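Data block below; observations after.
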Amino acid sequence: MSLNLICFFLCALIAPDLTDEDALLSAPQNISILSTNMKHYLTWSPVVVQGETVTYSVEFQGEYEREHVNESWIPICECSLITATMCNITEDISASVAYNLRVRADAGARRSEWGTLKGFFNRITTSLTPPLMKVIADGYHLLVELQDMGPAFQFCVLYWKKGQESRMQQKMVKEVSSVIHLDTMEAGPDYCVKAQTYVEVINRSSSFSQTQCVRAQDGRSMWLVTALISSAVFVVAALTLTFLTLKTSKIFQYSCCPAAVLPETLKVSEPPTKLILHSSEEVEQCDLMVQVMPSEEAVRLWFQETL
């Protein structure tokens with residue numbers, strides 16, 4: 001029996017003893033980097049194992065590790081035994097040199113080989129985008145608001161009077177504040193603005209944003225609006241003051257001079273005028289009953305009464 005045949009039978013006998021738990025996992029595939037505006041993410045395709053959770057670990061190797069530390073690899077702690085198929089490597093890519101990266105899969109006691117990024121990654125290849133921008137006309141002041149993209153970013157802002165592109169002006173913005181003043185505008189023409197990002201550590205700029213144009217606000221319209229608002233405020237204040245004055249006077253009136261209330265025993269059921277009227281009517285009736293008699297008749301009546 002030949003040696004090759006013996007090896008074949010030995011492999012056939014040993015193969016059934018190699019259970020799924022002893023077999024290696026497949027190494028992660030399609031490893032790539034997404035890098036935009038100095039934010040770097042390593043991505044890969046998932047390793048699927050039925051009934052088990054697969055975790056991943058990521059390591060990197062920079063120029064220093066390759067040349068001075070025997071080509072060693074540095075684990076990325078934030079990307080150790082994670083279930084996601086993406087890892088933020090921004091903090092570890094700290095220099096503008098060539099980096100290599102690799103990913104390994106784990107499922108229980110099983111582990112895959114390392115899957116390595118094809119080629120090297122240098123952060124100078126990151127994709128830069130123009131900043132989000134808003135141009136504002138505040139009266140005759142030309143203002144711009146820029147997106148805060150982080151401390152590594154500066155902005156080159158170009159502005160000009162429409163139709164006079166040859167006299168375009170430039171302003172370099174190193175720190176983004178709330179609003180940036182560019183120029184004082186003249187009434188009538190439009191003023192246009194565009195901007196691009198610049199990263200000094202990689203010495204690269206983005207393309208320019210879309211141009212935005214504004215026109216100085218009409219001073220007369222602003223004066224009219226201001227006058228109308230002032231008049232409305234004055235009327236409201238006057239009405240409020242009048243109401244408060246009347247309310248305060250009533251409060252003082254009832255507090256200092258309260259209305260007196262008579263007890264029930266002192267209340268008269270009928271007005272005095274009516275009582276006087278009744279008395280006068282009775283006197284008149286008495287006057288009507290008095291009659292004048294002759295003296296003889298009076299004497300006769302007196303004798304009759306005495307007898």
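The values are calculated or read from the model by the stated rules, or taken from the named source; none is laboratory data. Just so it is clear, the model here is predicted, and its values are computed rather than measured. Don't worry about glycine lacking a Cβ; one is built from the backbone with ideal geometry, like all the others, and counts go over all protein chains shown.
Only one residue in Lys194, Lys162, Lys171 is in contact (Cβ under 8 Å) with a residue 12 or more places away in the chain and touching a Ser or Thr at 6+ places or on another chain (Cβ under 6 Å). Which one?
Lys194
Read through the list (1) loosely packed, with under 12 Cβ neighbours inside 10 Å; (2) among the basic types (Lys, Arg); (3) within 18 Å of Thr36 (Cβ to Cβ), then give the number of the only condition that Lys174 fails.
Just one mismatch for Lys174, condition (3).
The rows are residues; the columns are (1) out of contact with any Lys or Arg (no Cβ under 6 Å at 6 or more places or on another chain); (2) assigned to a strand (DSSP E or B); (3) modelled with pLDDT under 95.
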{"position": "Asn4", "(1), (2), (3)": "yes, no, yes"}
{"position": "Asn30", "(1), (2), (3)": "yes, no, no"}
{"position": "His40", "(1), (2), (3)": "yes, yes, no"}
{"position": "Val47", "(1), (2), (3)": "yes, no, no"}
{"position": "Gly51", "(1), (2), (3)": "yes, no, yes"}
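Looking at Glu67 and the list (1) assigned to a strand (DSSP E or B); (2) free of Cβ contacts under 8 Å to residues at least 40 places away in the same chain; (3) of a type outside the set (Val, Ile, Thr), which single condition is not satisfied?
Among (1) assigned to a strand (DSSP E or B); (2) free of Cβ contacts under 8 Å to residues at least 40 places away in the same chain; (3) of a type outside the set (Val, Ile, Thr), the lone unmet condition for Glu67 is (1).
The rows are residues; the columns are (1) assigned to a strand (DSSP E or B); (2) surrounded by 18 or more Cβ atoms within 10 Å (Cβ to Cβ); (3) touching a residue at least 24 places away in the same chain (Cβ under 8 Å); (4) of a type in the set (A, V, I, L, M, F, W, C).
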site: Glu78; (1), (2), (3), (4): no, no, no, no
site: Ala84; (1), (2), (3), (4): no, no, yes, yes
site: Cys87; (1), (2), (3), (4): yes, yes, yes, yes
site: Ile93; (1), (2), (3), (4): no, yes, yes, yes
site: Ser96; (1), (2), (3), (4): no, no, yes, no
site: Arg104; (1), (2), (3), (4): yes, yes, yes, no
site: Arg111; (1), (2), (3), (4): yes, no, yes, no
site: Lys118; (1), (2), (3), (4): no, no, yes, no
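Could you run through segment 189-203 and say how many residues are farther than 25 Å from Lys162 by Cα and loosely packed, with under 15 Cβ neighbours inside 10 Å?
3
Exactly one condition in (1) more than 30 Å from Tyr64 (Cα to Cα); (2) of a type outside the set (Lys, Arg); (3) outside any strand (DSSP E or B) is false for Ile124; which is it?
Of (1) more than 30 Å from Tyr64 (Cα to Cα); (2) of a type outside the set (Lys, Arg); (3) outside any strand (DSSP E or B), only one is false for Ile124: (1).
State whether one or more residues within segment 137-150 are assigned to a loop (DSSP other than H, G, I, E, B) and assigned by TED's automatic domain parsing to the domain that holds Gln29.
Checking segment 137-150: not a single residue is assigned to a loop (DSSP other than H, G, I, E, B) and assigned by TED's automatic domain parsing to the domain that holds Gln29.
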